[in-house]
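Asks: Right, I'll just put the structure down here and ask away after.
The values are calculated or read from the model by the stated rules, or taken from the named source; none is laboratory data. Treat the numbers as computed from the prediction; the structure is a model and nothing was measured. Please note: Cβ atoms are built from the backbone with ideal geometry, for glycine as well, and neighbour counts cover all protein chains shown. Quick note on the areas: whole protein, heavy atoms, side chains included, nothing else; ligands and nucleic acids left out. Shrake-Rupley method; radii C 1.70, N 1.55, O 1.52, S 1.80 Å.
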Amino acid sequence: MAAAGKLTIDDLDVAGRRVLVRVDFNVPLEDGRVADDTRIRASLPTLRALLDRGAALVLVTHLGRPKGRVVEELRLDPVARRLAELLGREVRKVDDVTGPQARAAAAALEPGQVLLLENVRFDPREEKNDPDFARELAGLADLFVNDAFGTAHRAHASTEGVARFLPAAAGLLMAAEIAALSRLVNNPERPFWALVGGGKVADKLRVLERLVDRCDGLIIGGGMANTFLAAQGIDVGASRVEPDLFDAARAVMGRAGERGIPLLLPVDVVAADRFAEDAQTRVVPVEAIPAGWMALDVGPASLDAFAEALRPARTVFWNGPFGVFEWPAFAEGTRRLAQVVAELDAWTVVGGGDSAAAVHQAGVADRIDHISTGGGASLEFVEGRPLPGVEALADTAGGAAARHG
Ligand code: ADP
Ligand code: MG
């Protein structure tokens, strides 16, 4: 698979070599077991491809936030057990990252064997991107493959530093992310619409500032929309807004006006009398949110307008749920929007952890063309910020141009 200018595992000759693979096994643990193995499963195509081609694998991942010290509950033994079950082969797990156990086990690896290192964030040098630590990691293998897109926006030793010391290529997941997000940013079929909702207004405003120059239409929903409505002088009651960002929101609206592209906001909302799952609710026009009430979902008239506007779209990027979709009373807007997006005759990309969850919850995940697993990483990519973990991979001829256009 092409990865917009970066080498992938298909470009490497891995037979008889030891390959250090940065995976994302940052999975939830419960009672010493993996509670959700989605991320482990997602890595299997890359791991199987490398094993089938005669590689020996040294796997490295972080789990949770141990902050540079050993946290017993964040050891990777349950992950190794689950991976062994899924791969159908033995997975050797060591209790250190680059210490004597790890070095001995890596040196003894035969083609087809799999070794999992201990949680890389047990070592304080990981998040500092310490070059000595990166060199120690690199010393465990002959080649490096990064398949952890979700941490590619962090310059850590196992994502960026190590790539300075070994030939470095993208795994299949990483390659798919780079290919999809590059196409979105550089080469979208038009009309290109962007849908932005959720919380984290400051982060998302940066994405909007970039998208407003590139897309052909914008729809803003969720918590984000309340700040935009308030910035226009609409009284949104007790909805959470970020007054510090009113100017930035007005600048985005002004820019859309200058470019002559539509920017749609909700015209009606599901208002609640408090922030609670069982709050009293009322569907009201945005101008009529009762005092003390808050907008927690988009309303049906908004969805009709959004669906109509999106019909001609040929590319859609969606980040951020349009309501508090975790609570059934406020999940309908996001669910309907997911259906609308899934049914479009467009190439569709969904990014963000909660957005991905919402699309799965709506039962339409299989009709979305690309669901990005990297929340922060996908947003930074769309913003046009170079991701250290991607930049560090080896370029193909003409590489960087293919990513940045
Ligand atoms: P993602 O993880 O997809 O990037 P975010 O984390 O930015 O998305 O936003 C998701 C969160 O935003 C959810 O927890 C959701 O409940 C919240 N949210 C969406 N709409 C509203 C709203 N109107 N008011 C408060 N919170 C909201
Ligand atoms: Mg989120």
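Asks: In the range 246-295, what residues are of a type outside the set (Val, Ile, Thr), within 18 Å of Thr227 (Cβ to Cβ) and within 14 Å of ligand 1 (Cβ to nearest atom)?
Replies: Leu265, Pro266, Asp268, Ala271, Ala272, Phe275, Trp293, Met294, Ala295, listed by residue number.
Asks: From Asn226, Asn186, grab the single residue that is in contact (Cβ under 8 Å) with a residue 40 or more places away in the chain, surrounded by fewer than 22 Cβ atoms within 10 Å (Cβ to Cβ) and among the polar types (S, T, N, Q).
Replies: Going through Asn226, Asn186 in turn, just one is in contact (Cβ under 8 Å) with a residue 40 or more places away in the chain, surrounded by fewer than 22 Cβ atoms within 10 Å (Cβ to Cβ) and among the polar types (S, T, N, Q): Asn186.
Asks: Assuming Ala329 fulfils every condition listed in (1) in the same structural domain as Asp203 (by TED's automatic domain parsing); (2) open to solvent by less than 30 Å² (accessible area, probe 1.4 Å) apart from one, which condition is it?
Replies: Unmet condition: (2).
Asks: Here's a follow-up. With Ala279, Ala291 as the choices, which residue is under 18 Å from Val324 (Cα atoms), in a loop (DSSP other than H, G, I, E, B) and small (Gly, Ala, Ser)?
Replies: Ala279
Asks: Got a sec? Which of Val236, Val283, Val252 is buried (at least 20 other Cβ atoms within 10 Å of the Cβ) and touching an Asp or Glu at 6+ places or on another chain (Cβ under 7 Å)?
Replies: Val252
Asks: May I ask you to say which residue of Thr348, Thr334 is within 12 Å of ligand 1 (Cβ to nearest atom), of a type in the set (Ser, Thr, Tyr) and modelled with pLDDT of 95 or more?
Replies: Of the residues listed, the single one that is within 12 Å of ligand 1 (Cβ to nearest atom), of a type in the set (Ser, Thr, Tyr) and modelled with pLDDT of 95 or more is Thr334.
Asks: Look through the range 202-217, keep the residues that are over 19 Å from Gly150 (Cα atoms) and open to solvent by less than 10 Å² (accessible area, probe 1.4 Å), and return whichever of them is farthest from the chain's Cα centre (by Cα).
Replies: Here the residue is Gly217.
Asks: Another question about this same structure. Can you tell me which condition Pro290 does not meet? The list is (1) out of contact with any strand residue (DSSP E or B) (no Cβ under 6 Å at 6 or more places or on another chain); (2) more than 16 Å from ligand 2 (Cβ to nearest atom); (3) assigned by TED's automatic domain parsing to the domain that holds Val207; (4) open to solvent by 70 Å² or more (accessible area, probe 1.4 Å), and all the others hold.
Replies: Of (1) out of contact with any strand residue (DSSP E or B) (no Cβ under 6 Å at 6 or more places or on another chain); (2) more than 16 Å from ligand 2 (Cβ to nearest atom); (3) assigned by TED's automatic domain parsing to the domain that holds Val207; (4) open to solvent by 70 Å² or more (accessible area, probe 1.4 Å), only one is false for Pro290: (4).
Asks: Let me ask something additional. Of the residues Pro167, Pro243, only one is open to solvent by 10 Å² or more (accessible area, probe 1.4 Å) and not assigned by TED's automatic domain parsing to the domain that holds Gly16; which?
Replies: Pro243
Asks: Listed residues Val270, Val252; which is within 19 Å of Trp318 (Cβ to Cβ) and either out of contact with any strand residue (DSSP E or B) (no Cβ under 6 Å at 6 or more places or on another chain) or away from ligand 2 (no atom under 16 Å from the Cβ) (or both)?
Replies: Exactly one of Val270, Val252 is within 19 Å of Trp318 (Cβ to Cβ) and either out of contact with any strand residue (DSSP E or B) (no Cβ under 6 Å at 6 or more places or on another chain) or away from ligand 2 (no atom under 16 Å from the Cβ) (or both), namely Val252.
Asks: On to the next question. Out of all the residues in the range 103-113, is one or more closer than 22 Å to His156 by Cα, surrounded by fewer than 17 Cβ atoms within 10 Å (Cβ to Cβ) and assigned by TED's automatic domain parsing to the domain that holds Arg18?
Replies: yes
Asks: Which condition does Leu393 not pass, out of (1) of a type outside the set (Phe, Trp, Tyr); (2) buried (at least 23 other Cβ atoms within 10 Å of the Cβ); (3) over 18 Å from the mean Cα position of the chain (by Cα); (4) not assigned by TED's automatic domain parsing to the domain that holds Glu127, if it passes all the others?
Replies: (4)
Asks: Can you find, within the range 40-85, the residue that is least open to solvent (accessible area, probe 1.4 Å) among those that are closer than 21 Å to Ala152 by Cα and of a type in the set (Lys, Arg)?
Replies: Arg41
Asks: If the requirement is being surrounded by fewer than 14 Cβ atoms within 10 Å (Cβ to Cβ) and closer than 23 Å to Asp96 by Cα, which of these qualifies: Arg17, Arg33?
Replies: Arg33
Asks: Can you name the condition, by its number, that Ala329 falls short on among (1) in contact (Cβ under 8 Å) with a residue 40 or more places away in the chain; (2) part of a loop (DSSP other than H, G, I, E, B); (3) farther than 18 Å from Val196 by Cβ; (4) more than 19 Å from the chain's Cα centre (by Cα)?
Replies: (2)
Asks: In the range 344-390, how many residues are open to solvent by less than 20 Å² (accessible area, probe 1.4 Å), within 16 Å of ligand 2 (Cβ to nearest atom) and part of a strand (DSSP E or B)?
Replies: 2
Asks: Shifting gears a bit: Restricting attention to the range 4-32, which residues are farther than 18 Å from Leu109 by Cα and in contact with a helix residue (DSSP H, G or I) (Cβ under 7 Å, 6 or more places away or on another chain)?
Replies: Ala4, Gly5, Lys6, Thr8, Ile9, Val23, Asp24, Phe25, Asn26, Val27, Leu29, Gly32
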